[in-house]
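Reading through the structure tokens given below for one structure.
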Amino acid sequence: MSFDKEDDSSKLLEAQTHIFNQTFGFINSMSLKCAIDLCIPDIIHNYGQSMPLSKLIASLPIHPSKTCFVSRLMQILVHSGFFSQHSDDSKQEVSYALTDASALLLKEHPFSMTCLPQVILDPILVNPWFQFSTWFTNDEPTPFHAQNGMTFWDYAGREPKLNHLFNDAMINDTRLISSVMIKKCKGVLEGLESLVDVGGGTGTMVKAIAKSFPHLKCTVFDLPHVVHGLQGTDNIEYVGGDMFQAIPSADSIMLKTIMHNWNDEECLKILKRCKEAIGKKDKGKVIIIDVVIGNLKGDSVLDQTKLYYDMEMMVLVTGKERNEKDWAKLFFSAGFNHYKITPVLGFKSLIEVYP
């Protein structure tokens, strides 16, 4: 093949590199999972300072024949931003320290995200991707259903490992989100007398809110088997039920990363139940924490995360991530009058919806 212009070859090589990088993208993910499985973040953290490669190797639970490969694993993890690398000329040895990202992978970190890579990269959630292209040619509801013959929610109910990993990942995410929300968006909850956290699980979000707003009567509302046996407090109550049927009455209803799990028809039902729950209260509102695609222009990292999240919803469940136009259509179709979007929770936004 001949090149008509001098820069044609450069463009082709650049395109080839782009294809290689996108094809090999899974290597970053699997290398990260390997580091978590080997407890590398905790080992370096417990060392108390930048850890020499030889000390790291000696501390790892690996076979002696694999010691020569550790530096290569650390090389890709440094490149992807999970560790920083330092050189000691006197000892002619490199050492490694944590970054902000790997600090969030410490098991004892209050906002630890260790469970997220573990569940997302588990074969149970990875294997459905091999059904992705075939799924476009059949009538299966999701690639996950095509792979497993049942919905994600049914599978999680039958498979303790998936259920445990998924719940722990959601709890860790909620701890961080609730902390930031209370710090940066305290005004959202001021003046309210009651709140129902729909799909609130074991109450991670509500516990944080109740601690900062002890006057607020909080209800954790989830499926009966989820809240069964959970003990409430003076201002926290656990109620079992079905959000598609009815939601307990309150000034405010919270939906944290709930809506993206469901299609538009299902979300419309949920919002109508929310509107019934807050009734005609002057200060009533629905508080949604979820992704708004395109809400932050020019931030390629956040945009990429939102698109990844949307694709994961496509493969695992029947939900999706929505742009502001999609959200507005749902709100107005459910009978709400106005809404406010505050992009203050990383790649997620705080959305207040008013009757």
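Derivation of every value follows stated rules applied to the coordinates shown; laboratory data play no part. Predicted model only: the values in this text are computed from it and were never measured. Don't worry about glycine lacking a Cβ; one is built from the backbone with ideal geometry, like all the others, and counts go over all protein chains shown.
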Qualifying aspartates and glutamates (Cα of each under 16 Å from Cα of Lys66; at least 8 residues distant if same chain):
Asp37
Using only Cα atoms and rounding to the nearest 10 degrees, what angle (0 to 90) does helix 300-316 make with the longest principal axis of the chain?
70 degrees
From the residues Cys115, Leu345, Val301, which one has its Cα farthest along the dipole of the chain in the positive direction, the dipole being from +1 and -1 charges on Cβ of Lys/Arg and Asp/Glu about the Cα centre?
Leu345
Over 18 Å between Cα atoms: which of Lys186/Lys269; Lys186/Lys217; Lys184/Lys211; Lys217/Lys283; Lys269/Lys348; Lys33/Lys55 fall into that group?
Lys186/Lys269; Lys269/Lys348; Lys33/Lys55
Ignoring chymotrypsin sites (Phe, Trp or Tyr not before Pro) buried by more than 10 other Cβ within 10 Å or outside DSSP loops, the longest site-free run in the chain is 137-355
Charges only on Cβ, +1 for Lys and Arg, -1 for Asp and Glu: so what's the dipole of region 6-104 about the Cα centre, in debye to the nearest 20?
500 debye
Please give the helix 26-37 orientation as an angle from the longest Cα principal axis of the chain, in degrees from 0 to 90, rounded to the nearest 10.
80 degrees
Mind telling me which of Ala210, Ala15, Ala58 comes out most flexible in a GNM of the chain, alpha-carbon contacts under 10 Å?
Ala15
38 Å tail of the calculated P(r), the chain, as % of Cα pairs
28 percent
Test of understanding: given the chain, find the longest segment containing no GluC sites (Glu not before Pro) that are in a DSSP loop and have at most 14 other Cβ atoms within 10 Å.
194-355
Between the alpha-carbon centers of region 183-254 and region 59-116, tell me the distance in whole angstrom.
39 Å
Positive-pole candidate from Ser178, Phe166, Ala250, dipole of the chain, charges at beta carbon
Ala250
Stokes-Einstein diffusion coefficient for region 1-147 at 37 °C in a medium of 0.692 mPa s, Rh from the Kirkwood formula over Cα pairs: what value in µm²/s?
179 µm²/s
Dipole magnitude of region 114-354 about its Cα centre (Cβ charges: Lys, Arg +1; Asp, Glu -1), debye to nearest 20
800 debye
In what sequence do Lys211, Lys348, Lys306 fall when counting other Cβ within 10 Å, fewest first?
Lys211, Lys306, Lys348
Most mobile listed residue (Pro64, Pro143, Pro224) in the chain, GNM with C-alpha springs under 10 Å:
Pro64
Long-range amide H partners of Lys217 with built H, under 5 Å:
Ser194, Leu195
Just Val198, Val188, Val286 to compare: in a GNM of the chain, with alpha carbon springs under 10 Å, which one fluctuates most?
Val188
Arg72 versus Glu14: modelled label distance in nm, points set 7 Å from Cα along the beta carbon direction:
3.1 nm
Point-to-point label distance, Asp7-Ser179, nm (Cα→Cβ direction, 7 Å offset):
4.7 nm
